[in-house]
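Chemist: Before anything else, here's the structure in question.
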């Protein structure tokens, strides 16, 4: 059987194929792939890539789709030391063109949904059964780049995040260690494989030797619930926006699965405390875990709702002993506990560089990655997120978190909202908050919202201007795109 000394992820999958060859690794509709079949197909696809003339260090573009062939290609590239550039198959043409012009891929696979791209080879045309593996393996190192993930970003051009084989394995091990994913787990993956969260869940499941069930999306809740029941699913991941959708469409009907679901991982955006409490009621015996961490420093901090029931405002503590988190000032110096500063991360999953060297400017304090998020640490070691450093509203010298205002507004019954800084109309405070609201209660007026908000927020945090909107612009992972609102 093949060996992959440079890839801890591949070594784990190979080990599962040897120890439990008949164990189901992947489920896609009626297709079931054992760990033995998985590693055999990975080897065959690696042979196919070699026949194409691809070699270590080359890049390939993968338009991620919920197909087992995507996973074969993804792992086969790792086996050969080829760099995966994973993109969303639903990306607009200009984003795809920007990424292609940036990385110059040697080959492109998958299907771009919004435009005909004949330069992409569909996954269905990758035929490993017709290829006799002949792998001329060259020396590949665990510190070599395995994946480049382009950030979705709320502002500016996307940045290519370079993640090594060590980085992706480190993130998976940290996550599995905290959540407790086991070989007997069955996970439903409805998250996009093109984003750090979904791709990370795939790696976690395969690293643990568990079973991964590929689900189209959460859009069809009836189908998702049927998968939970039919496949005896024990865990899944979701973003807060999906939870809001589930709650709105089906109420608490998901509670019927509470006894079988061992874990749920949340991430990518903030989750209101009220929703955390509701989830704790619905899933009293489930590990409800929430991660904090950008693509560049995936899953740096974790919290578990039941364990921190008296302190649900915290984002948690470092994911493992191999992860360090510090709060640093503008000069890169540590600040005292309780003092706000920039959240900076060092650890086994943290990127060393962006794809474009110019993007590294201001991204690190030495070996510490600067998240761009503002927060503080308590004397007990818990971390708290204030907001994006660039998004903080400077009200007469007071740094105000738009996220804190948004949570307070939504607690009043507003369906969705977002706050951005605007120039003070009176010309006194520099910046003041403006709130954009999505109405859920037709009887609630802005004056009523403002009146109630004054009771729970300091005066300087109460928005000065207000506007009703039909929806709040967000990225596909649920992050508010404040720049679109400011413009």
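Chemist: Which one of the conditions (1) assigned to a loop (DSSP other than H, G, I, E, B); (2) closer than 19 Å to residue 371 by Cα does residue 346 fail to meet, given that it meets all the rest?
Modeler: Of everything listed in (1) assigned to a loop (DSSP other than H, G, I, E, B); (2) closer than 19 Å to residue 371 by Cα, residue 346 misses just condition (1).
Chemist: Looking at 271, 328, can you tell me which residue is touching a strand residue (DSSP E or B) at 6+ places or on another chain (Cβ under 7 Å), over 27 Å from residue 184 (Cβ atoms) and surrounded by 19 or more Cβ atoms within 10 Å (Cβ to Cβ)?
Modeler: 271 is the lone residue from the list that is touching a strand residue (DSSP E or B) at 6+ places or on another chain (Cβ under 7 Å), over 27 Å from residue 184 (Cβ atoms) and surrounded by 19 or more Cβ atoms within 10 Å (Cβ to Cβ).
Chemist: Could I ask something else about it? Looking for whichever is farther than 30 Å from residue 310 by Cα and either modelled with pLDDT of 90 or more or not assigned by TED's automatic domain parsing to the domain that holds residue 336 (or both) here; the options are 481, 380, 455, 407. Which one fits? If you could, list the steps in order and put the result at the bottom.
Modeler: Numbers: 380 fails: farther than 30 Å from residue 310 by Cα; 455 fails: farther than 30 Å from residue 310 by Cα; 407 fails: farther than 30 Å from residue 310 by Cα.
Of the residues listed, the single one that is farther than 30 Å from residue 310 by Cα and either modelled with pLDDT of 90 or more or not assigned by TED's automatic domain parsing to the domain that holds residue 336 (or both) is 481.
Chemist: Another one. I need the full set of residues from the stretch 387-399 which are surrounded by 18 or more Cβ atoms within 10 Å (Cβ to Cβ) and either at pLDDT below 85 or out of contact with any helix residue (DSSP H, G or I) (no Cβ under 8 Å at 6 or more places or on another chain) (or both), in order please.
Modeler: 387, 388, 389, 391, 392
Chemist: Looking only at helices (runs of 4 or more DSSP H) that lie completely in the stretch 390-487, which have at least 1 residues being under 18 Å from residue 270 (Cα atoms)?
Modeler: Result: 402-410, 482-486.
Chemist: Mind checking which pairs have a first residue in the stretch 117-130 that is within 14 Å of residue 76 (Cβ to Cβ) and a second that is part of a loop (DSSP other than H, G, I, E, B), Cβ under 7 Å, 6 or more apart or different chains?
Modeler: Matching pairs, first to second residue: 123/65; 123/67; 123/110.
Chemist: Then there is this: So which of 71, 24, 99 is assigned by TED's automatic domain parsing to the domain that holds residue 127, in contact (Cβ under 8 Å) with a residue 40 or more places away in the chain, within 26 Å of residue 226 (Cβ to Cβ) and under 21 Å from the mean Cα position of the chain (by Cα)?
Modeler: 71
Chemist: Pick from the stretch 245-260 the residues that are in contact (Cβ under 8 Å) with a residue 12 or more places away in the chain, within 17 Å of residue 272 (Cα to Cα) and under 23 Å from the mean Cα position of the chain (by Cα): which of them is surrounded by the most Cβ atoms within 10 Å (Cβ to Cβ)?
Modeler: Only one residue fits best here, namely 246.
Chemist: Residue 295 versus (1) touching a helix residue (DSSP H, G or I) at 6+ places or on another chain (Cβ under 6 Å); (2) surrounded by fewer than 19 Cβ atoms within 10 Å (Cβ to Cβ); (3) over 28 Å from residue 422 (Cα atoms): which is the lone unmet condition?
Modeler: Residue 295 satisfies every listed condition except (2).
Okay, residues lined up against (1) touching a residue at least 24 places away in the same chain (Cβ under 8 Å); (2) in contact with a strand residue (DSSP E or B) (Cβ under 9 Å, 6 or more places away or on another chain); (3) within 24 Å of residue 270 (Cα to Cα):
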| residue | (1), (2), (3) |
| --- | --- |
| 315 | yes, yes, yes |
| 321 | no, no, no |
| 334 | no, yes, no |
| 341 | yes, yes, yes |
| 348 | yes, yes, no |
| 377 | yes, yes, yes |
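Chemist: Hey, among 274, 319, 307, which residue is over 21 Å from residue 203 (Cβ atoms) and at pLDDT 95 or above?
Modeler: Of the residues listed, the single one that is over 21 Å from residue 203 (Cβ atoms) and at pLDDT 95 or above is 307.
Chemist: Can you pull out the residues in the stretch 353-379 that are buried (at least 16 other Cβ atoms within 10 Å of the Cβ) and part of a helix (DSSP H, G or I)?
Modeler: Passing the criteria: only 359.
Chemist: Going by the structure shown, is residue 33 within 25 Å of residue 205 (Cα to Cα) and in contact (Cβ under 8 Å) with a residue 40 or more places away in the chain?
Modeler: No: the conditions fail for residue 33.
Chemist: Looking only at the stretch 1-20, how many residues end up being surrounded by 15 or more Cβ atoms within 10 Å (Cβ to Cβ) and farther than 18 Å from residue 211 by Cα?
Modeler: Number satisfying all stated conditions: 5.
The values are calculated or read from the model by the stated rules, or taken from the named source; none is laboratory data. Not measured: the values here are computed from a predicted model. Methodologically, a virtual Cβ is constructed for each residue, glycine included, from the backbone with ideal geometry; neighbour enumeration extends over all protein chains shown.
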